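This report concerns only the one structure given below.
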Amino acid sequence: MEGLSNKTIVVTGGAGGIGLATVKRLVAAGSRVIIADMPSSNGENLAMDVDEGRRMVHFLPIDVTSVESLSRAAAQVVSRHGGVDGVVANAGIAVLSEAFDYDEASWRKTMSVNLDGAFFTAQTFAKHMRGRGGSVVLISSIAARTVIRPEKCAAYGATKAAVEHLAALLGVEWASDGIRVNAVGPGRTETPMIERFANESPEMVAMWMSQVPMGRLIRPEEVANAVAFFLSDLSSGCTGTTLLVDGGYDKV
């Protein structure tokens, strides 16, 4: 993909699911990639496995709910690589619960990781892109635009709706700084989080399949391709927009 070779790109939540697929896609395109994830994520071993001795993949422990942690990580990336060209704010959580039963701690944690984390990730790394240009990609969801069923996830859906609009707000505000901000909205994707939901409620899978015109879950690699597009020069005219990768779900 044009313009990804030798770029330095950070992927939060990069140790699994869509994040790890994105890391692999970027490495294949010649990017230097930093897997930024929790210390407990096994990110160091994953980085070595993906890197295969090329010295193009590194792991940085990070907590996206902490501005101090984000700032420290960004400073390390810039010090080591001379700058940062892109960041993917992929870290996220989903807690399923009836709205009446949602406890304060779960609500606030979801907001902190999914929304606050996305904003402060974008802000922290974009500060290092001013004057040199760069690309920020936020990970939204089909839950940003519609009420997904049968799962009940008011907090998750609310954060993803905010993330999608945040991409538009930042994309317009930072355009004059040469920083593009876009979002990718995956449909139900074959990730450990989705697998956990499926194991807990197999009947849910059958309903999911009936809702997706393509009749299957989205593969992480398909989402990674969309992320790579926004990070590449092929999307040089795109900012403040969201690309859905959902198998047609939003059209039903």
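The values are calculated or read from the model by the stated rules, or taken from the named source; none is laboratory data. None of the values given here were measured: they were computed from a predicted structure. No Cβ is skipped: glycine too gets one built from the backbone with ideal geometry, and neighbour counts run over all protein chains shown. Protein only, heavy atoms only, side chains kept; ligands, DNA and RNA dropped before computing areas. Shrake-Rupley method; radii C 1.70, N 1.55, O 1.52, S 1.80 Å.
Of the residues that make up the range 23-35, is at least one closer than 15 Å to residue 121 by Cα and touching a residue at least 24 places away in the same chain (Cβ under 8 Å)?
The answer is yes; a qualifying residue exists.
Quick check on the range 150-161. Is at least one of its residues open to solvent by 50 Å² or more (accessible area, probe 1.4 Å) and either under 27 Å from residue 234 (Cβ atoms) or β-branched (Val, Ile, Thr) (or both)?
no
Filter the range 122-147 for residues that are farther than 17 Å from residue 184 by Cα and either open to solvent by less than 20 Å² (accessible area, probe 1.4 Å) or not in a helix (DSSP H, G or I) (or both) and give the result.
Across the range 122-147, the qualifying residues are 124, 125, 126, 127, 128, 129, 130, 131, 132, 133, 147.
Pick from 176, 236: which is open to solvent by 40 Å² or more (accessible area, probe 1.4 Å) and under 17 Å from residue 9 (Cβ atoms)?
Selected residue: 236, the only one of 176, 236 that is open to solvent by 40 Å² or more (accessible area, probe 1.4 Å) and under 17 Å from residue 9 (Cβ atoms).
Looking only at residues that are among the polar types (S, T, N, Q) and closer than 17 Å to residue 73 by Cβ in the range 32-52, which one is farthest from the chain's Cα centre (by Cα)?
Among those residues, the one meeting the criterion is 40.
Out of the residues in the range 41-68 meeting the condition of being in a loop (DSSP other than H, G, I, E, B) and of a type in the set (Asp, Glu), tell me which one is nearest to residue 27 (Cα to Cα).
My answer is 52.
Kindly provide the set of residues from the range 30-59 that are modelled with pLDDT of 95 or more, touching a helix residue (DSSP H, G or I) at 6+ places or on another chain (Cβ under 7 Å) and either open to solvent by less than 10 Å² (accessible area, probe 1.4 Å) or not charged (D, E, K, R) (or both), ordered by number.
Answer for the range 30-59, where residues must be modelled with pLDDT of 95 or more, touching a helix residue (DSSP H, G or I) at 6+ places or on another chain (Cβ under 7 Å) and either open to solvent by less than 10 Å² (accessible area, probe 1.4 Å) or not charged (D, E, K, R) (or both): 33, 34, 35, 36, 57, 58, 59.
When residues of the range 5-14 are filtered for being touching a helix residue (DSSP H, G or I) at 6+ places or on another chain (Cβ under 9 Å) and surrounded by fewer than 24 Cβ atoms within 10 Å (Cβ to Cβ), how many remain?
Going through the range 5-14 one residue at a time, the tally reaches 2.
Out of the range 179-230, which residues are of a type in the set (Ser, Thr, Tyr) and open to solvent by less than 70 Å² (accessible area, probe 1.4 Å)?
Passing the criteria: 189, 191, 201.
Say we look at the range 109-120 and pick out the residues that are among the aliphatic types (A, V, I, L, M) and out of contact with any Leu (no Cβ under 8 Å at 6 or more places or on another chain); which of these is surrounded by the most Cβ atoms within 10 Å (Cβ to Cβ)?
Restricting to residues being among the aliphatic types (A, V, I, L, M) and out of contact with any Leu (no Cβ under 8 Å at 6 or more places or on another chain), the top hit is 113.
Applying the selection to the range 60-96, what residues are at negative phi, surrounded by fewer than 22 Cβ atoms within 10 Å (Cβ to Cβ) and not aliphatic (A, V, I, L, M)?
61, 63, 65, 66, 68, 69, 71, 72, 76, 79, 80, 81 - these are the residues of the range 60-96 that are at negative phi, surrounded by fewer than 22 Cβ atoms within 10 Å (Cβ to Cβ) and not aliphatic (A, V, I, L, M).
Among what's in the range 134-182 and is more than 16 Å from the chain's Cα centre (by Cα) and acidic (Asp, Glu), pick the residue that is farthest from residue 91 (Cα to Cα).
The selected residue is 177.
Check off (1) touching a Ser or Thr at 6+ places or on another chain (Cβ under 8 Å); (2) surrounded by 17 or more Cβ atoms within 10 Å (Cβ to Cβ) for residue 106 and give me the number that stays unchecked.
Answer for residue 106: the failing condition is (2).
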